[in-house]
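The values are calculated or read from the model by the stated rules, or taken from the named source; none is laboratory data. Since the structure is predicted, the reported quantities are computational estimates derived from the model, not experimental observations. FYI the Cβ positions are ideal-geometry reconstructions off the backbone, even for glycines, and counts take in every protein chain you see.
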Amino acid sequence: MVIIFIGPPGSGKGTQAQILKDNSLPNLHLLTVSSLLKEKSDDGSVLGNDIKKKMDNGDLIDDTIVISVLNEKVENLNNEQILIDGFPRSSVQAESLNSIFKNSLVSIINFIVSDEQLLERIKKRSLEESRPDDSVYEKRLGIYKKSHNDIINSLNKYYEVIDIEANNEISSISKKIAGKLGLNWCILYWLLNAFLIISPTQEISIGKNSRRKLTR
């Protein structure tokens, strides 16, 4: 299973990715392209230093570099559950998904958030965290908007892109995502499992007039 979150910077992709892992898919590997690139930028190489400079300035990294870094990581994970945040960021990267994940089921969630809400979130985040890329947020948002339609058109050639209105409360957005991915059963499973851990043998109600004993 491969899940891809796309959306503007500050749309809550990272937050929702962690919630999905914590509540529904505990074995999910969370991959952010920015983290993968940061790992490379810290290795002291000429390429790494070039990546670092571009990231600090809010510039896009060359498609070939991004695709190569991601593909290497995916191959190492060997078909495990993956969620990717921050990819694709260009139509070229979008086209590459079909080859990177040619034998995998891919679900794509597109976060839709108003500009006003995005700016409010970024201002709040800048007060709570120290992120160099937030200082060039408007530039990053402009780059995102310029390429977004082309990315969606490229993705639609191979996949269904699921739009999620992400202006709401975090919990509301989480429920929408779980529903679209067909993961509501996971939430029920973990609730039931927690019940059984608390009480290995206990009667529970199944309907109004019947009771059934569950034993682990």
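Summary of computed values
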| read-out | value |
| --- | --- |
| Conditions (1) part of a loop (DSSP other than H, G, I, E, B); (2) touching a residue at least 60 places away in the same chain (Cβ under 8 Å); number of the one not met by residue 110 | (1) |
| Restricting the stretch 1-43 to residues that are under 22 Å from residue 176 (Cβ atoms) and among the charged types (D, E, K, R), the residue that is surrounded by the fewest Cβ atoms within 10 Å (Cβ to Cβ) | 22 |
| Condition broken by residue 124, with the remaining ones in (1) modelled with pLDDT of 70 or more; (2) surrounded by 14 or more Cβ atoms within 10 Å (Cβ to Cβ); (3) over 16 Å from the mean Cα position of the chain (by Cα) satisfied | (2) |
| Scope the stretch 75-107; condition among the small types (Gly, Ala, Ser) and free of Cβ contacts under 8 Å to residues at least 12 places away in the same chain; matching residues | 99 |
